[in-house]
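Here the structure is laid out as C-alpha cells; the discussion comes afterwards.
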Amino acid sequence: MEEIVLRPVGQVLSSTEEPEEMPLGGLEAVIEIFPEYQEALKGIEENSHIWVLSWFHKAPRDVLRVKPVRINPELPEYGVFALRTYTRPNTIGLSLARLERVEGCRLYLKGLDAIGGTPVIDIKPYFENDTIFSPLTSYIKGKDREMRQGILSKRALVHHQEECSYLHLAVRMAIIAEDYLGKLNSPDLFVRVRGPLCLVDCVQGISRARLANPPRFSFQPAEAEIESEWKRGNSTLLLRLKPGAELEGLESKEDQELFHIEYWE
C-alpha cells in the first residue's frame with residue numbers, strides 16, 4: 001500500500017500539555033494555522049462549530065483494548081475503535097469544538113480536547129447533515145454523579161444552546177431517571193414532560209427521544225406544574241417538582257427536597 005504522508009497545517013496553543021490533564025469535554029484553546037495555509041480559512045467564521053483533526057503526538061500506539069477508566073473504572077474493556085480514547089494505532093484526534101472567533105491565523109475555540117503542541121492535520125466545518133439526533137451508542141455510564149452531571153449538562157447545552165435554570169433542572173431529572181432506569185437514549189425508554197418549553201427542550205436533548213419513528217417523547221407546555229415521567233417496560237418513574245422549590249442552587253439540594261418521587265414496577 002502506498003505510504004501516507006501527512007503535513008500539519010497548524011498547532012494547538014494551550015496551557016494543558018499532558019493528555020492525563022485534559023478534562024472530559026475539553027477546554028478553551030487556540031489553533032494557530034501556519035501562514036502558508038491562512039487562505040484556507042476564508043469563510044470559516046460563518047460556522048459556529050468545527051471538526052478538528054489532529055495528531056495526538058503523546059499518545060501510545062501499541063494498545064488495542066482499554067477500559068474507559070476516566071469515565072468509570074468498573075466498565076469492561078472495549079476495543080479502541082469502539083471508544084474515543086486517544087490511545088489507538090494511528091493517533092488521529094477528532095474533536096468537535098465551538099468556534100468563538102477568528103483573528104488572522106488564530107482560531108479561538110471552546111471544548112477542544114487536544115493539548116498544547118498538538119499538530120493539527122485538518123479542519124472541517126460542522127454541517128447540519130452531521131447531526132444524528134438519536135443514534136445507537138454503547139452505554140458508558142459515568143462513575144459518579146458529578147461526572148454524569150457534566151456529561152448530561154454538555155449534551156443539554158449543545159441541544160438547547162443556552163444555560164438556564166431549567167437546563168439544570170432537566171439534568172437533575174435525567175440523573176435520577178438514569179439511576180432508576182439506566183440508559184436514557186434507548187429505543188424502549190419513553191419520556192413525557194410537563195412544564196416550560198425550556199425544560200421540555202432540555203429533557204428531549206438529553207434523552208434524544210423523538211416524537212415519532214419511534215414515538216418516545218411527548219410534552220405539554222405548562223408553567224405552574226412541572227413534572228417528567230420516564231417509562232421502560234413495566235417500570236415507571238414520576239418526578240414532580242415540589243411547590244415552592246427554588247431552582248437556584250440545585251447542586252446543594254437533595255433529590256427529595258426538589259421532587260415528589262414515585263416509582264413503580
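The values are calculated or read from the model by the stated rules, or taken from the named source; none is laboratory data. Being a predicted model, the structure only gives us computed values, none of them experimental. FYI the Cβ positions are ideal-geometry reconstructions off the backbone, even for glycines, and counts take in every protein chain you see. Side chains included, ligands, DNA and RNA excluded: accessible areas come from the protein's heavy atoms. Shrake-Rupley method; radii C 1.70, N 1.55, O 1.52, S 1.80 Å.
Across the stretch 216-231, what is the number of residues that are touching a residue at least 12 places away in the same chain (Cβ under 8 Å), open to solvent by 50 Å² or more (accessible area, probe 1.4 Å) and not hydroxyl-bearing (Ser, Thr, Tyr)? Even if it seems obvious, please write down each step before you answer.
We begin by selecting, within the stretch 216-231, every residue touching a residue at least 12 places away in the same chain (Cβ under 8 Å); these are 216-223, 225-231.
Checking the rest, the ones that are also open to solvent by 50 Å² or more (accessible area, probe 1.4 Å) come to 218-221, 223, 225, 231.
Next, from what is left, pick out any that are not hydroxyl-bearing (Ser, Thr, Tyr): 219-221, 223, 225, 231.
Of the residues in the stretch 216-231, 6 are touching a residue at least 12 places away in the same chain (Cβ under 8 Å), open to solvent by 50 Å² or more (accessible area, probe 1.4 Å) and not hydroxyl-bearing (Ser, Thr, Tyr).
Going by the conditions given, is Ser235 open to solvent by less than 50 Å² (accessible area, probe 1.4 Å) and of a type outside the set (A, V, I, L, M)? Spell out how you get there, then give the answer.
Details: open to solvent by less than 50 Å² (accessible area, probe 1.4 Å): yes; of a type outside the set (A, V, I, L, M): yes.
Here the answer is yes, as Ser235 does meet what is asked.
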Can you tell me which residue within the stretch 95-106, out of those that are of a type outside the set (Gly, Ala, Ser) and touching a Gly at 6+ places or on another chain (Cβ under 8 Å), is farthest from Gly26 (Cα to Cα)? Cys105
All strands (runs of 3 or more DSSP E) inside the stretch 1-70 with 1 or more residues being open to solvent by 100 Å² or more (accessible area, probe 1.4 Å) and touching a strand residue (DSSP E or B) at 6+ places or on another chain (Cβ under 7 Å): 27-33
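Kindly establish whether Leu112 is within 18 Å of the chain's Cα centre (by Cα), open to solvent by less than 50 Å² (accessible area, probe 1.4 Å) and either free of Cβ contacts under 8 Å to residues at least 24 places away in the same chain or over 22 Å from Arg148 (Cα atoms) (or both).
On the way: within 18 Å of the chain's Cα centre (by Cα): yes; open to solvent by less than 50 Å² (accessible area, probe 1.4 Å): yes; either free of Cβ contacts under 8 Å to residues at least 24 places away in the same chain or over 22 Å from Arg148 (Cα atoms) (or both): no.
Judged against the criteria, Leu112 is not a match.
With the structure loaded, tell me whether Ser186 is among the polar types (S, T, N, Q) and in the same structural domain as His260 (by the TED database) or whether it fails that test.
Numbers: among the polar types (S, T, N, Q): yes; in the same structural domain as His260 (by the TED database): yes.
Criteria met by Ser186.
What number of residues within the stretch 78-95 satisfy the criterion of being in a strand (DSSP E or B) and either touching a helix residue (DSSP H, G or I) at 6+ places or on another chain (Cβ under 8 Å) or open to solvent by less than 70 Å² (accessible area, probe 1.4 Å) (or both)?
Final tally of qualifying residues: 4.
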